[in-house]
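Q: One structure follows; several queries about it will come next.
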Amino acid sequence: MNSTIKGALPARTRAGRSAAESGGGFVRGLVWGLIACVASGVLLLLAGALIAYKSPDPDALIAPLGFGALVLACLLGGVGVGLGCRSGVLPCSVVLACTFLGLELVLSLLFGIKARQELSLGLGLGASLGLRTGLAALICAASVLSAQIKGKIQGGRRRPGRKK
């Protein structure tokens with residue numbers, strides 16, 4: 001009778017417990033990445049606006065500071081995915097890239113034609129799509145690299161006496 005009960009219930013292994021305790025699902029990684037993208041983007045844009053406001057020629061700084069904020073927001077969003085997601089980091093980062101760039105597109109449609117042209121940095125359609133593809137690749141690369149670094153750090157903590 002005892003063997004029947006043991007066979008009916010799945011045994012939790014050490015790896016199963018660590019995966020269950022740490023969470024790290026697809027949705028968690030996506031939420032962490034989106035929060036990191038949006039929060040860092042807003043904070044960087046506010047910092048850039050303050051820098052541009054304090055400068056003698058703010059019009060010359062708007063485009064570079066905005067582009068820098070966009071690149072850093074994508075980078076930090078990728079790091080958020082890598083730290084929040086335990087498995088399926090690359091698909092999660094692709095979904096985050098599509099979500100973030102779609103959000104950027106929707107927000108750009110709220111402005112007029114002149115503001116939309118300024119937001120595209122004066123680039124043509126092909127160059128603008130290439131820029132957005134590069135930002136998506138940056139999100140994916142940052143998420144994969146941060147997940148690998150996180151795995152190496154946690155791997156070192158779990159088995160300190162392991163010999164190479």
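The values are calculated or read from the model by the stated rules, or taken from the named source; none is laboratory data. Everything numeric in this text was worked out from a predicted model, so none of it was measured. Cβ placement follows ideal geometry from the backbone for every residue including glycine, while neighbour counts extend to all protein chains displayed.
Q: Kindly evaluate Ser55 against the criterion of being closer than 13 Å to Leu30 by Cα and hydroxyl-bearing (Ser, Thr, Tyr).
A: Numbers: closer than 13 Å to Leu30 by Cα: no; hydroxyl-bearing (Ser, Thr, Tyr): yes.
No, not satisfied.
Q: Sticking with this one: Need pairs with beta-carbon distance below 6 Å; first residue modelled with pLDDT of 80 or more and within segment 90-117, second of a type in the set (D, E, K, R); sequence gap 6+ or separate chains.
A: Listed pairs, sorted by first residue: Leu101/Arg132.
Q: Can you find even one residue in segment 116-134 that is touching a Lys or Arg at 6+ places or on another chain (Cβ under 8 Å) and surrounded by 12 or more Cβ atoms within 10 Å (Cβ to Cβ)? Let's see the steps before the verdict.
A: Of segment 116-134, the ones touching a Lys or Arg at 6+ places or on another chain (Cβ under 8 Å) are none.
There is no residue in segment 116-134 that is touching a Lys or Arg at 6+ places or on another chain (Cβ under 8 Å) and surrounded by 12 or more Cβ atoms within 10 Å (Cβ to Cβ).
Q: Residue under question is Phe111, and the condition is that it be outside any helix (DSSP H, G or I), farther than 27 Å from Gly25 by Cα, in contact with a Leu (Cβ under 8 Å, 6 or more places away or on another chain) and not polar (S, T, N, Q); does it hold? Spell out how you get there, then give the answer.
A: Details: outside any helix (DSSP H, G or I): yes; farther than 27 Å from Gly25 by Cα: yes; in contact with a Leu (Cβ under 8 Å, 6 or more places away or on another chain): yes; not polar (S, T, N, Q): yes.
Yes.
Q: Cβ-Cβ under 9 Å, sequence separation 6+ or interchain: first residue in segment 135-149 and buried (at least 19 other Cβ atoms within 10 Å of the Cβ), partner not in a helix (DSSP H, G or I) and not charged (D, E, K, R). Which pairs?
A: Within 9 Å, the pairs are Ser143/Cys85; Ala147/Cys85.
Q: Would you mind stating whether Ala73 is assigned to a helix (DSSP H, G or I), surrounded by 13 or more Cβ atoms within 10 Å (Cβ to Cβ) and aliphatic (A, V, I, L, M)? Before you say what the answer is, go through the steps one by one.
A: On the way: assigned to a helix (DSSP H, G or I): yes; surrounded by 13 or more Cβ atoms within 10 Å (Cβ to Cβ): yes; aliphatic (A, V, I, L, M): yes.
Judged against the criteria, Ala73 is a match.
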